Amino acid sequence: MKKIAILGSTGSIGQSTLSICESYPDRFRPIALAAGSNLEVAFEQCRRWHPQLVSISTERLADQLRTLLKSAAISTEVVHGTAGTVRVATLPEANFVVSAIVGVAGLEATYAAVLAGKTVGLANKECIVAAGDLILAAARERGVALLPIDSEHNAIHQCLRGGAPNEVRQIWLTASGGPFRNTPLSEFEHITPAQALKHPTWVMGQRITVDSATMLNKGLEIIEACRLFNLPPSQVKVTVHPQSTIHSLVEYVDGSILAQISVTDMRLPILYALAWPERIPSDLTFDMTALKQLDFQTPDLERFPCLRLAYEAAAASQAHCIALNGADEVAVAAFLSGRLSFLGIPRTIESVLSVTASASPASIPEVLQLDQSARALAEQVIEQHHPYLITH
Ligand code: NAD
Ligand code: MG
């Protein structure tokens with residue numbers, strides 16, 4: 001029995017992880033959960049799973065959750081804040097941690113899980129973008145397995161079973177191209193949050209859905225792949241594949257290319273990570289006889305400047321990768337609240353990157369410091385009546 005701690009249990013990946021636990025009660029049991037601010041869902045999850053420990057974002061929510069649990073005679077311990085997520089990530093009884101908090105908010109807990117020697121299923125790409133070197137080094141030192149849940153990296157992990165690391169020529173990340181793949185560029189300025197939140201092939205949390213629309217998500221995934229698979233950016237290619245049927249590919253030095261094909265359902269990469277190194281039967285089958293067409297296009301960097309910015313950040317320095325992510329997090333929140341236009345997102349990131357100094361932080365507090373500076377700068381750029389702001 002694998003005992004699972006889930007960071008971000010109330011989110012899209014967190015709920016899919018619990019659905020896998022539901023399907024395999026003899027193999028996977030969630031024993032610790034960390035939620036953000038969704039009290040109702042956190043309470044329902046405690047009612048269903050009776051975890052040992054639950055964390056929620058604030059002290060006030062923690063008090064409310066304690067009261068609810070007491071009235072339902074559930075003895076789950078309630079903690080809160082970053083210290084709470086770290087407690088969940090390091091609970092001695094848990095042997096597998098799913099890292100699925102969105103953004104840098106999940107960094108400290110993910111790092112703590114690795115330091116505590118847990119096997120980690122990694123959905124939170126932002127923490128690898130911001131501190132991949134530190135996390136990978138800690139994992140290597142302790143012999144900890146990091147299993148990617150992000151579907152592309154999960155596909156690469158599977159394809160890498162086909163050869164040795166020094167036999168890889170390059171890897172190909174597939175991208176759906178998002179909802180605006182064919183939208184005329186002249187209409188980009190007027191894209192609304194409601195339009196950006198409609199992803200053609202995946203149902204996900206809000207930030208990653210907007211990031212998919214700007215293709216910054218693919219940019220973060222390029223950096224994530226460089227860190228996880230120890231490759232330079234020049235060996236990580238992107239191809240737009242609207243059907244999202246092939247989840248990614250590895251090209252070997254002899255010319256062979258291995259691809260991973262499956263349903264577009266995140267439960268499959270989650271199951272792969274939870275079951276690793278085994279493969280276990282599932283009903284998440286893909287009907288090959290229904291496969292009609294596979295299309296591929298070169299990404300258009302003019303239409304999607306975020307992709308270019310990510311390659312530039314990856315080539316510049318670790319501080320630039322942190323700034324890319326931090327500035328985007330702020331810009332996406334501003335876009336969703338109507339303060340910034342869709343095109344304002346890449347423009348804000350570009351402004352922040354242009355004044356970011358090269359640096360390689362040597363500790364998590366240094367990473368968080370750089371993240372904070374990039375966020376503050378992004379807020380300033382948006383506040384200072386940026387020419388691309390929506391004006392009401
Ligand atoms: P989501 O917005 O649906 O869920 C995020 C979770 O994090 C929620 O449980 C939320 O309560 C929690 N959270 C947010 N801030 C927190 C904080 N300060 N402290 C504690 N918890 C906090 O997002 P998601 O789509 O599930 O994505 C989660 C992560 O997985 C992201 O990093 C995303 O890039 C990655 N990912 C998601 C998908 C997907 O299909 N959804 C695919 C690949 C990668
Ligand atoms: Mg992905």
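Quick notes on this structure:
- Stokes-Einstein D in µm²/s, Kirkwood radius over Cα pairs - the chain at 10 °C with 1.306 mPa s viscosity: 74 µm²/s
- For the chain, share of DSSP beta bridges that run antiparallel, in % to the nearest 5: 30 percent
- Here the Gaussian network model covers the chain, with springs between Cα atoms less than 10 Å apart; of THR67, THR85, THR214, THR67 fluctuates the most.
- Helices in the chain, meaning DSSP H runs of at least 4 residues, each add -39500 (n - 2.57). Divided by all residues, the mean residue ellipticity at 222 nm is -14500 deg cm²/dmol.
- When the inverse distances between all different Cα atoms of the range 317-392 are averaged and flipped, the Kirkwood radius reads 12.3 angstrom.
- Whole-Hz ³J(HN,Hα) from phi, Karplus 6.51 cos²θ - 1.76 cosθ + 1.60, for the range 38-46, glycine and proline x: 8, 4, 4, 5, 4, 5, 4, 5, 5
- Debye log10 I(q)/I(0) for the range 2-148, one point scatterer per Cα, at q = 0.14, 0.15, 0.18 Å⁻¹: -0.58, -0.66, -0.95
- Alpha carbon centroid spacing (whole Å) that separates the range 97-137 from the range 169-205: 26 Å
- Phi-based couplings in Hz for the range 14-26 (Karplus 6.51, -1.76, 1.60; Gly and Pro marked x): x, 5, 5, 5, 5, 5, 5, 4, 4, 6, 10, x, 7
- Anchor LYS3: lysines whose Cα lies under 25 Å away (excluding residues fewer than 8 positions away in-chain): LYS70, LYS118, LYS125
- Sequence of SER71, SER256, SER248 when ordered by accessible area, the most exposed leading, probe 1.4 angstrom: SER71, SER256, SER248
- Restricting the calculation to Cα atoms, every distinct pair contributes to the Kirkwood radius of the range 261-327, found to be 15.8 Å.
- Taking all protein chains together, MET215, MET1, MET266 sort by accessible area into MET1, MET266, MET215, largest first [probe 1.4 Å].
- Sequence-ordered 3J(HN,Hα) estimates for the range 96-102 from the Karplus curve with 6.51, -1.76 and 1.60 and θ = phi - 60° stand at 9, 10, 8, 9, 9, 6, 8 Hz, glycine and proline given as x.
- Per-residue SASA entry for ASP295, accessible area with 1.4 Å probe, Å² rounded to 10: 50 Å²
The values are calculated or read from the model by the stated rules, or taken from the named source; none is laboratory data. What you see is a predicted model, and the numbers here were worked out from it, not measured in a lab. Please note that ligands, DNA and RNA were not included when accessible areas were found on the heavy atoms of the full protein model with its side chains. Shrake-Rupley method; radii C 1.70, N 1.55, O 1.52, S 1.80 Å.
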